[in-house]
Amino acid sequence: MPDWSSINQHLRDAGIAVSDGVIARPVSGGDISAAWRLTTDDADVFVKTGLAEASEMFAAEAEGLSELAQAKAVRVPEVLAIGQHQDTAFLAIEWLRFGRSDAHSERLLGEQLAELHRTVKDRFGWHRDNTIGLTPQHNTWDADWVTFFREQRLGFQLRLAAQNGFAGDLQAKGARLLKRLPVFFDGYQPSSSLLHGDLWGGNWATCDGLPVIFDPAVYYGDRETDLAMTRLFGGFGRAFHEAYQASWPLEPGSDERCHLYQLYHVLNHLNLFGSGYLGRAIGLIEALL
């Protein structure tokens, strides 16, 4: 159990009106970190806690939320405080009361995501590394997208898979795919768009009928990577995809690149959760080859 007296003092130092003796209540949604609802004199606060080594992960998440907020395209929870006390790290963000999504909120999300992606840089990456789930995600700036994606996305996940004991077909076919990556970008030069980075159905919701995105793995890259993730595990309906396409149509070859970008997340699931994802990863690579 976290030391709430100390965490509450950190929150008071950040200007959050927490009364003495208040203890947070556990809530669902803490697959990676423990999640809590803390009642304050002003409004409830959502708090994530973890071991001290989670401090960098929380710091990257906080910076990612701030980066998304600065784009003023899609709503994100406001970061309220971040810190560490002894062996406990914490991140406090705005508590939002989520409602049910519908076609209207999905259309808004499609339009707003396209607007978010219009925030661009002249290079690919970000100023700091972060995590995708619990896996390190390297974001060293690179002027070339193919090099960035080969080395810091697919290549990294394949190397990690080898360390985790997944050799054989995965590594042999993965190496062939890495050599063929330029083929998928013949005639296509992506913009370096601001990305959520982990946009599956569990990382968006609605609040007062408006879309909210959270738990990001932010970096600047091909906007199609966010779209590929929305098609991987469900949670995004026809209204969302049609609205995005109407706002900023995808370019030829996007269907093939969608599978390429999904492979990154399938490999990450293989490394996080084990061999149940091995067949899917190999199948994607074979289809791409």
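Every number in this text was worked out from the coordinates using simple rules, so none of it is lab data. In this text the structure is predicted, and so the values were computed from the model without any measurement. Here the Cβ is made from the backbone with ideal geometry for all residues, glycine too, and neighbour counts use every protein chain on show.
Using all C-alpha to C-alpha distances in the chain, build P(r) with 5 Å bins and read off the rounded percent in each one.
Calculated P(r), rounded to whole percents: 1, 5, 12, 16, 17, 16, 14, 10, 6, 3, 2, 0, 0.
Could you pull out every residue, at least 5 positions away or on a different chain, whose amide H is within less than 5 Å of the one on G99? Hs are placed 1.01 Å off N in the peptide plane, and Pro or chain starts have none.
Correct list: T206, C207, D208, G209.
222 nm [θ] for the chain, helices only, -39500 (n - 2.57) per DSSP H run of 4+, per residue, to 500?
-12500 deg cm²/dmol
What list of ³J(HN,Hα) couplings, whole Hz, do you get for region 163-180 from phi and the Karplus terms 6.51, -1.76, 1.60, once you set θ to phi - 60° and write x for glycine and proline?
Per residue, the Karplus-derived 3J(HN,Hα) values read 5, 8, x, 9, 10, x, 4, 4, 6, 5, 6, x, 4, 5, 5, 4, 5, 8 Hz.
Any chance you could check the Cα centroid distance between region 102-164 and region 66-100 for me, in angstrom?
Region 102-164 and region 66-100 have Cα centres spaced 20 Å from each other.
Out of the chymotrypsin sites (Phe, Trp or Tyr not before Pro) in region 213-289, which ones are loop residues according to DSSP with at most 15 other C-beta atoms within 10 Å?
Taking region 213-289 and a limit of 15 other Cβ atoms within 10 Å, the loop chymotrypsin sites (Phe, Trp or Tyr not before Pro) found are F233.
Please report the equivalent ellipsoid semi-axes of region 4-94, computed as sqrt(5 x eigenvalue) of the Cα gyration tensor, largest first, in whole Å. Display every interim value, and only then the final one.
On the way: eigenvalues 80, 51, 31 Å².
The three semi-axes for region 4-94 are 20, 16, 12 Å.
Enumerate by residue number the trypsin sites (Lys or Arg not before Pro) in region 1-84 meeting two conditions: DSSP loop (anything except H, G, I, E, B), and at most 12 other Cβ atoms within 10 Å of the site's Cβ.
Hits after loop and neighbour filter: K72.
Taking +1 at the Cβ of each Lys and Arg and -1 at the Cβ of each Asp and Glu, which of L11, A175, S101 sits farthest along the dipole of the chain towards its positive end, judged by Cα position relative to the Cα centre?
Result: A175.
Might you report the magnitude of the Cβ-based charge dipole of the chain about its Cα centre, with Lys and Arg at +1 and Asp and Glu at -1, to the nearest 20 debye?
Dipole size: approximately 760 debye.
Provide the per-residue ³J(HN,Hα) series for region 93-101, in order, calculated from phi with Karplus coefficients 6.51, -1.76, 1.60 and θ = phi - 60°, each as a whole number of Hz, with x at glycine and proline positions.
Listing the rounded values in order: 10, 4, 7, 10, 8, 7, x, 7, 7 Hz.
Dividing the alpha-carbon Rg of region 51-134 by 2.2 N^0.38 Å yields what?
Normalised Rg, Cα atoms only: 1.29.
Order of V183, V76 from fewest to most other C-beta atoms within 10 Å?
Sorted ascending by nearby Cβ count, the order is V183, V76.
Whole-Hz ³J(HN,Hα) for each residue in region 275-284, computed from phi via Karplus 6.51 cos²θ - 1.76 cosθ + 1.60 with θ = phi - 60°, x for glycine and proline: what do you get?
5, x, 9, 5, x, 5, 5, 4, x, 5
Which one, L199, L134, L158, has the greatest fluctuation when you compute a Gaussian network model over the chain with C-alpha springs under 10 angstrom?
L134
If you rank M229, M57 by fewest surrounding Cβ atoms within 10 Å, what's the result?
M57, M229
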